[in-house]
Amino acid sequence: MLQIPRHVLTALTVSVLLTLAGCEGGLMSNQAGAGPACQGEPPAGTDAAPAPDATAGDGTVAPTLAPHVTASYVIGAGDNLSISVYRAAELSVPGIPVRPDGRISMPLIPDIVAAGKTPSQLGKELEERLKEYVQDPIVTVMVTGFIGPFDRQVKVIGEATEPSAIPYRDGMTVLDVMIATKGLTKFASGNSAVIVRRVGNKQQTIKLRLSDLIKNGDICQNVEMKAGDTIIIPQSWF
């Protein structure tokens, strides 16, 4: 029988162990990633380069994953509020709707505009109005039912199962909107959908492949929505 020297066996063992460790490290790095990078996204662990202008000749732009931006909620007509006045339970209102004209009424304050303000802004204004009757009032405003101003709603029209206007939420994505509208109808041309967005005084059209997102799981199409966006889903001709 062929005798293999001990030092050769040791070298072979070390080589095999190093090879296995390298394979395991590669598998772990692949599992830790978030899948294939979307077009225009840098690989994980690299700095993002400035994005080129994605506007096409027809005025549309390719979908891009927008950065997450936190914004305060703005009260709108139809919202329900809970107003608490510290140490003045008789002035507190547990449930008060914002009227279509954007105003509310409460004890000692028959009329005040609530729409277009954040809860903290409205609370400060109520405190100023109540100083005439209460010493150092502390007012807390909580939104218990959400609709939001019309210009901040996300609207879905066309071949969605339930076309509707949805209250915009911070961090909302296309997939959130599709879940809220129960997906596409069987007549929808999902890959021909667009997002219409107002940017300043201009209108921007963003191409959207909804069928790829919903049926094939193309997460690159799950772009972040902006307040006031409109998704238009056309009907398929076939």
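Summary of computed values
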| quantity | calculated |
| --- | --- |
| Criterion violated by ARG169 - all others in (1) out of contact with any Lys or Arg (no Cβ under 9 Å at 6 or more places or on another chain); (2) over 25 Å from LYS117 (Cβ atoms); (3) not in a strand (DSSP E or B) satisfied | (2) |
| Options ALA160, ALA180; residue that is on the phi < 0 side of the Ramachandran plot, small (Gly, Ala, Ser) and touching a residue at least 60 places away in the same chain (Cβ under 8 Å) | ALA160 |
| Test: residue in the range 224-238 that is in contact (Cβ under 8 Å) with a residue 40 or more places away in the chain, of a type in the set (Gly, Ala, Ser) and at negative phi | yes |
| Enumeration of residues in the range 215-227 that are surrounded by fewer than 19 Cβ atoms within 10 Å (Cβ to Cβ) and either in contact with a Lys or Arg (Cβ under 7 Å, 6 or more places away or on another chain) or in a helix (DSSP H, G or I) (or both) | LYS215, ASN216, ASP218, ILE219, LYS226 |
| Identity of the residue in the range 182-214, among the small types (Gly, Ala, Ser) and not in a helix (DSSP H, G or I), that ends up nearest to PRO163 (Cα to Cα) | GLY183 |
| Matching residues in the range 107-163 - criterion: being in contact with a Phe, Trp or Tyr (Cβ under 9 Å, 6 or more places away or on another chain), among the aliphatic types (A, V, I, L, M) and within 30 Å of ALA193 (Cβ to Cβ) | VAL154 |
| Verdict on THR185 being under 14 Å from ILE232 (Cα atoms), in the same structural domain as LYS226 (by TED's automatic domain parsing) and surrounded by 17 or more Cβ atoms within 10 Å (Cβ to Cβ) | no |
| Index of the failed condition, THR161 passing every other in (1) surrounded by fewer than 17 Cβ atoms within 10 Å (Cβ to Cβ); (2) modelled with pLDDT of 95 or more; (3) closer than 29 Å to GLY200 by Cα | (3) |
| LEU126, sole failed condition from (1) under 21 Å from the mean Cα position of the chain (by Cα); (2) of a type in the set (A, V, I, L, M, F, W, C); (3) not in a strand (DSSP E or B) | (1) |
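The values are calculated or read from the model by the stated rules, or taken from the named source; none is laboratory data. Computed from a predicted model, the values in this text were never measured in an experiment. When we count neighbours, we look across all protein chains shown, and the Cβ atoms used for this are built from the backbone with ideal geometry, even at glycine.
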